[in-house]
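Step one of this worksheet: look at the structure below.
Every number in this text was worked out from the coordinates using simple rules, so none of it is lab data. Values in this document were obtained by computation on a predicted structure and should not be read as measured data. Ideal geometry is used to build each Cβ from the backbone, glycine not excepted, and the neighbour counts take in all protein chains shown.
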């Protein structure tokens with residue numbers, strides 16, 4: 001399949017969020033990536049439910065919601081109600097990961113698991129067949145604009161190899177430091193959903209940048 005582009009609204013202009021969402025609607029973007037941070041799991045705070053609901057009101061594309069929060073199970077239903085189509089939780093934040101994934105699927109959402117840069121791919125072996133998506137963090141979560149971690153390519157290949165036998169349709173998403181300089185290498189390694197924040201919103205033309213990322 002052709003890779004998907006999921007611009008990260010963490011890099012959007014918060015004072016003109018509706019304008020930026022409408023731009024993404026017009027663009028070749030596939031999903032809208034929304035980072036939810038609680039100031040506990042990561043040292044930053046981002047969107048809450050009112051902002052997510054406001055985005056959902058204007059968005060014409062699926063909302064890819066990435067939960068960088070502790071105890072995500074408490075809020076899964078609320079994120080579904082607020083407009084999430086994809087809900088990704090962190091391996092590092094879930095005590096009972098199988099139960100969490102099943103709860104997301106029971107809500108009718110695609111279920112994903114994210115792993116931090118220091119977390120080995122091997123921790124996903126027993127859950128991989130249940131997932132719709134694996135999100136590989138290519139920076140340490142919490143802030144946009146960080147430098148890409150080169151070991152990400154190897155982790156993508158490892159996930160792809162593990163999934164080959166048990167879940168060949170698995171989506172492999174990469175978040176952090178994605179841009180024109182590395183997107184082809186990421187896709188060649190096996191990534192098929194690319195989250196781009198600064199690369200999109202700092203470009204002279206965000207729509208043209210999305211088109212370039214989509215068609216690289």
| field | Expected-Rg normalisation [2.2 N^0.38 Å, Cα atoms] applied to segment 100-185 | value | 1.11
| Out of 84, 103, 199, any idea which swings most in a Gaussian network model of the chain, alpha carbons joined below 10 Å? | 103
| task | Divide by every residue of the chain the summed helix terms, -39500 (n - 2.57) for each DSSP H run of at least 4, and state the resulting mean residue ellipticity at 222 nm, rounded to the nearest 500 deg cm²/dmol. | result | -9500 deg cm²/dmol
| task | Taking the Cα atoms of segment 148-187, report the difference between the largest and smallest coordinate on each principal axis, in whole Å and largest first. | result | 31, 17, 14
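How high is the relative contact order of the chain, given as a whole-number percent (alpha carbon pairs under 8 Å, six or more residues apart)? Spell out each step's value before the answer.
Numbers: 420 pairs, mean separation 47.4, N = 216.
Worked out over the chain, it gives 22 percent.
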| Can you give the alpha-carbon Rg of the chain over 2.2 N^0.38 Å, where N counts its residues? | 0.93
| query | How much length is gained on full extension from residue 123 to residue 81, taking 0.36 nm per residue of separation minus their Cα-Cα distance? | reply | 12.1 nm
| query | Roughly speaking, what is the stretch gain from residue 45 to residue 185, that is 0.36 nm per residue apart minus the C-alpha to C-alpha distance, in nm to one decimal? | reply | 47.3 nm
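Test of understanding: what is the full-extension gain from residue 107 to residue 198, defined as 0.36 nm times their sequence separation minus their Cα-Cα distance? Can you show the working numbers first?
On the way: separation 91, 0.36 × 91 = 32.76 nm, distance 3.14 nm.
Gain on stretching residue 107 to residue 198: 29.6 nm.
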| So which residue, out of 48, 176, 83, gets the largest mean-square fluctuation from a GNM of the chain using Cα contacts under 10 Å as springs? | 48
| query | What's the center-to-center distance, using Cα atoms, between segment 40-108 and segment 154-216 in Å? | reply | 21 Å
| said: Just to check, using Stokes-Einstein with a Kirkwood Rh over alpha carbon pairs, what's the diffusion coefficient of segment 50-145 at 10 °C and 1.306 mPa s in µm²/s? | reply: 115 µm²/s
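If you take the C-alpha gyration tensor of segment 15-95, multiply each eigenvalue by 5 and take the square root, what semi-axes do you get, largest first, in whole Å? Please list the in-between numbers first.
Numbers: eigenvalues 106, 32, 25 Å².
Rounded to whole Å, the semi-axes are 23, 13, 11.
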| task | Under 16 Å from a label point 7 Å along Cα→Cβ of residue 161: give me every residue in segment 189-213 with its amide N that close. | result | 189-191
